[in-house]
Amino acid sequence: MSQSIKEVQEEIIEEFGILDGDMEMTNFYVMELGQKLPEFNEENKTEENIVKGCQSKVWLTAELNGDRINYQADSNTAITKGLVSLLVRIFSGQKADDIIESELFFPQKIGMERFIGTQRSNGFGAMIKQMKLYALAYKSKIEL
Amino acid sequence: MADVSNINGINVEAIRTQFPVLDQMVNGKPLAYFDNAATNQKPTSVIKALEQYYEGYNANIHRGIHTLAEKATKAFEDTRTTLGKFINAAEPEEIIFTKGTTESINLVAATFGRKFISNGDEIIISGLEHHSNIVPWQLVAEENGAKIRVIDVLDNGTLDIRQFKSLLSSKTKLVAVNHASNSLGTINPIDEIIALAHEVGAKVLIDGAQATAHLDIDVQALDCDFYALSAHKCYGPTGTGALYGKRELLEAMPPYQGGGEMIKDVSFEKTTYNDIPYKFEAGTPNIGDVIAFKSALDFITEVGKSNIAAHENDLLQYAREKALQIPGLRIIGDSDNKLSVLSFIVEGIHPFDIGQMLDASGIAVRTGHHCTQPLMERFKIEGTVRASFAVYNTKVEIDRMIESLHRIVKFLK
Ligand SMILES: Cc1ncc(COP(=O)(O)O)c(C=O)c1O
């Protein structure tokens, strides 16, 4: 196992490449990815777990598994759920330091802003930030 | 396209050529623009009018004596006259240019509201209102202790007139309702509402943002006291609109903003105000857009409002029938008397996803609460998908939307 953050991103870019920029297909594909996310614990759909700055509701939680972090996410809209699933796939199972220091180049490469618009782009940024904040929190916990 | 030509006295193909923006691909598909209730597109005549003004006679109005200033002033005042006729105001001076509906309502709230509404008085609005016709009244109420009462909305999206009657009393100073709802399309019985309000001595403000381009408006026959509208929802430019007010009311109201143009004489001891409409038009107005607004009104008049209404209604009925065949689709606001607005939800699918998917197919709709959060709460929904049609839309475009909706529903259910 254990692909690096960079490798997972490259894999995603390749997958989206097959869709050849067809917006409808891309959206369907994104929603399909969202449907494959593991079920989110309903009890965790609390106000605290909502990512602030997203237009749709996005819930995000994280847990530590050894020195690796696992993320869980859900959203009330299918497309956003698909988008957050990409981040979950990239960051889950990675080390806190790698997450914090990672550079995400895949959104630009798959033309993210073209199919989510600026408002959702902002929300996407908020999700990334929240995931990095979790990593930061766990990092200080590990180091204690 | 046999279905679009010369139906209801209009030639949609010919009309479409007057709207350059329609001729483009969005996400690889031809644009179908169904967000007309938010703002509709502009015909070439409007775009040309703007160009001609800035290229030919840009000047500040009312003050200069040079030729360009004269020309600009005349064109500006021509729009006032044309708009006055368009809504059948008794005289052009009853038309005040503003930034649009929102500013028109705020103007009345800040002037009429401050002077004629006080502690213990009541303002009646409806559950169908846009935030623009809610918040200005809340500000008045907060300041002077007046109370806001709300007309209930029935399940089909119409107003509960019986309950409205029970709200009316000698305490009612103002009734502020929309002519037609932006979220649902419901056309309200404003003639009845105005007459009932007048019986208790209340004044009536009509928010005509949605209605102006679609319905015949005769402010004298309606006997409304104020009528607010936006140019950009009438095929005109953004950034301008108007407030109609009855002369005696406008004269009795204090000015809105202080500045140039709105004064007769200024001294540090005492300033006397200009006559209406200038009393309410402080500062350099949005000259170019006001001038171009006339071309938009001319466009509507030339095509014919009743022709436009018939075509739009045809589109609505067509879309409604097809939409109802989509599994799980529910129309929100299904009054018999509606503008061409199709607001709907699909069970189990978030409106955002539908809007996003339609956009992927080049189809522009609006999703969300449409600035009517209390109304969404009334229906216990977060928002709707809203397709609103204009003179240039076609059944072929509607077919594309319906096909796309079928694909989405099939995928997500
Ligand atoms: C019913 C209604 N009222 C008021 C407004 C506000 O108009 P504007 O933003 O042009 O001032 C709108 C615009 O969406 C509207 O639909």
**Report entry** Of all residues in segment A:1-21 being more than 14 Å from chain B (Cβ to nearest Cβ) and not in a helix (DSSP H, G or I), the one that is modelled with the highest pLDDT
**Finding:** A:S4
Report summary line: Pairs returned, first residue in segment B:131-144 that is more than 14 Å from chain A (Cβ to nearest Cβ), second residue that is part of a helix (DSSP H, G or I) and more than 16 Å from the ligand (Cβ to nearest atom), beta-carbon separation under 7 angstrom, 6 or more apart or interchain, are B:V140/B:G113
Query raised in the report: Are any residues in segment B:217-241 touching a helix residue (DSSP H, G or I) at 6+ places or on another chain (Cβ under 6 Å) and either small (G, A, S) or at pLDDT below 95 (or both), and if so, which ones?
Result: B:A228, B:S230, B:A231, B:G236, B:G239, B:G241
Report task. Run down B:R16, B:R80 and say which single residue is closer than 30 Å to A:G21 by Cα, in contact with a helix residue (DSSP H, G or I) (Cβ under 7 Å, 6 or more places away or on another chain) and of a type outside the set (V, I, T). Result -> B:R16
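Counting only residues that are outside any helix (DSSP H, G or I) and of a type in the set (G, A, S), which one in segment B:368-406 is nearest to the other protein chains (Cβ to nearest Cβ)? Give the steps one after another, and end with the answer.
Here is the first cut: in segment B:368-406, the residues outside any helix (DSSP H, G or I) are B:368-372, B:379-394.
Still in the list and also of a type in the set (G, A, S): B:368, B:383, B:387-388, B:390.
On the way: B:G368: 9, B:G383: 11, B:A387: 18, B:S388: 20, B:A390: 23 Å.
Checked segment B:368-406; the qualifying residue nearest to the other protein chains (Cβ to nearest Cβ) is B:G368.
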Report task. Check A:E39 against each of (1) in contact with an Asp or Glu (Cβ under 9 Å, 6 or more places away or on another chain); (2) surrounded by 14 or more Cβ atoms within 10 Å (Cβ to Cβ); (3) free of Cβ contacts under 8 Å to residues at least 12 places away in the same chain and name the one condition it does not meet. Result -> (2)
**Report entry** Count of segment B:339-356 residues which are more than 11 Å from chain A (Cβ to nearest Cβ), buried (at least 23 other Cβ atoms within 10 Å of the Cβ) and in a loop (DSSP other than H, G, I, E, B)
**Finding:** 2
Query raised in the report: Just one of the numbered conditions (1) surrounded by fewer than 20 Cβ atoms within 10 Å (Cβ to Cβ); (2) within 23 Å of B:G348 (Cβ to Cβ); (3) within 14 Å of chain B (Cβ to nearest Cβ) is not true of A:N27; which one?
Result: (1)
Query - Unique match (being within 16 Å of the ligand (Cβ to nearest atom) and either basic (K, R) or over 22 Å from the mean Cα position of the chain (by Cα) (or both)) among B:K380, B:K338, B:K395 - result: B:K338
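Matching residues to (1) of a type in the set (G, A, S); (2) away from the ligand (no atom under 15 Å from the Cβ); (3) in contact (Cβ under 8 Å) with a residue 60 or more places away in the chain:
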{"site": "B:Q52", "(1), (2), (3)": "no, yes, no"}
{"site": "B:E55", "(1), (2), (3)": "no, yes, no"}
{"site": "B:N58", "(1), (2), (3)": "no, yes, yes"}
{"site": "B:A72", "(1), (2), (3)": "yes, yes, yes"}
{"site": "B:F86", "(1), (2), (3)": "no, yes, yes"}
{"site": "B:I105", "(1), (2), (3)": "no, no, yes"}
Query raised in the report: within 16 Å of the ligand (Cβ to nearest atom), hydrophobic (A, V, I, L, M, F, W, C) and buried (at least 24 other Cβ atoms within 10 Å of the Cβ), is that true of B:L139?
Result: no
Query raised in the report: Out of (1) in a helix (DSSP H, G or I); (2) over 18 Å from B:N27 (Cα atoms), what's the single condition that is false for A:E24?
Result: (2)
**Report entry** Unmet requirement for B:I331, which otherwise passes all of (1) closer than 23 Å to A:I79 by Cβ; (2) at pLDDT 95 or above; (3) among the aliphatic types (A, V, I, L, M)
**Finding:** (1)
Report summary line: For segment B:6-61 the number of residues that are in contact with a Phe, Trp or Tyr (Cβ under 8 Å, 6 or more places away or on another chain) and either surrounded by fewer than 16 Cβ atoms within 10 Å (Cβ to Cβ) or basic (K, R) (or both) is 4
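B:T158: away from the ligand (no atom under 16 Å from the Cβ), outside the structural domain of B:E382 (by TED's automatic domain parsing), among the β-branched types (V, I, T) and touching a residue at least 40 places away in the same chain (Cβ under 8 Å), yes or no?
Numbers: away from the ligand (no atom under 16 Å from the Cβ): no; outside the structural domain of B:E382 (by TED's automatic domain parsing): yes; among the β-branched types (V, I, T): yes; touching a residue at least 40 places away in the same chain (Cβ under 8 Å): yes.
No; evaluated as a whole, the condition is false for this residue.
For segment B:146-180, which residues satisfy the criterion of being of a type outside the set (V, I, T), under 19 Å from the mean Cα position of the chain (by Cα) and in a loop (DSSP other than H, G, I, E, B)?
Restricting attention to segment B:146-180, the residues satisfying the condition of being of a type outside the set (V, I, T) are B:146-147, B:149, B:152, B:154-157, B:159-160, B:162-171, B:173-174, B:176, B:178-180.
Right, trim to under 19 Å from the mean Cα position of the chain (by Cα) and you get B:157, B:159, B:176, B:178-180.
Listed by number, the residues that qualify are B:G157, B:H179.
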Query raised in the report: Only one of (1) over 24 Å from B:K410 (Cα atoms); (2) away from chain B (no Cβ under 14 Å); (3) surrounded by 13 or more Cβ atoms within 10 Å (Cβ to Cβ) is not met by A:C54, so which one is it?
Result: (2)
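Which one is nearest to the other protein chains (Cβ to nearest Cβ) among residues in segment A:63-93 that are in a strand (DSSP E or B) and surrounded by 22 or more Cβ atoms within 10 Å (Cβ to Cβ)?
A:S75
Out of B:L168, B:L184, B:L174, which single residue is more than 15 Å from the ligand (Cβ to nearest atom), away from every other protein chain (no Cβ under 14 Å), at pLDDT 95 or above and within 27 Å of B:A38 (Cα to Cα)?
Step by step, each of B:L168, B:L184, B:L174 is checked, and only B:L174 is more than 15 Å from the ligand (Cβ to nearest atom), away from every other protein chain (no Cβ under 14 Å), at pLDDT 95 or above and within 27 Å of B:A38 (Cα to Cα).
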Report task. May I ask you to list pairs of residues, at least six apart or on different chains, whose Cβ atoms are under 6 Å apart, with the first in segment B:395-411 being farther than 26 Å from A:E32 by Cα and the second being crowded, with 19+ Cβ neighbours inside 10 Å? Result -> B:E397/B:A32; B:I398/B:A319
Report summary line: Pairing a residue in segment B:181-202 that is assigned to a loop (DSSP other than H, G, I, E, B) with any residue that is surrounded by fewer than 24 Cβ atoms within 10 Å (Cβ to Cβ) and modelled with pLDDT under 95, where Cβ atoms lie under 7 Å and the two sit 6 or more apart in sequence or on different chains, gives B:N182/B:H370; B:S183/B:H370
Query - Unique residue being within 14 Å of chain A (Cβ to nearest Cβ), within 20 Å of the chain's Cα centre (by Cα) and not basic (K, R) when the list is B:V365, B:V409 - result: B:V365
Query raised in the report: When you go through B:D289, B:D298, B:D359, B:D314 one by one, which is the residue that is in a helix (DSSP H, G or I) and within 14 Å of chain A (Cβ to nearest Cβ)?
Result: B:D359
Query raised in the report: Residue check, B:K322 against (1) closer than 16 Å to B:N40 by Cα; (2) away from chain A (no Cβ under 14 Å), all met but one. Which one?
Result: (1)
Query raised in the report: Of A:Q9, A:Q94, which residue is over 17 Å from A:A135 (Cα atoms) and in contact (Cβ under 8 Å) with a residue 60 or more places away in the chain?
Result: A:Q9
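The values are calculated or read from the model by the stated rules, or taken from the named source; none is laboratory data. Quick caveat: nothing in here was measured; it's all calculated off a predicted structure. As a convention, Cβ positions derive from the backbone with ideal geometry for all residues, glycine included, and neighbour counts pool all protein chains shown.
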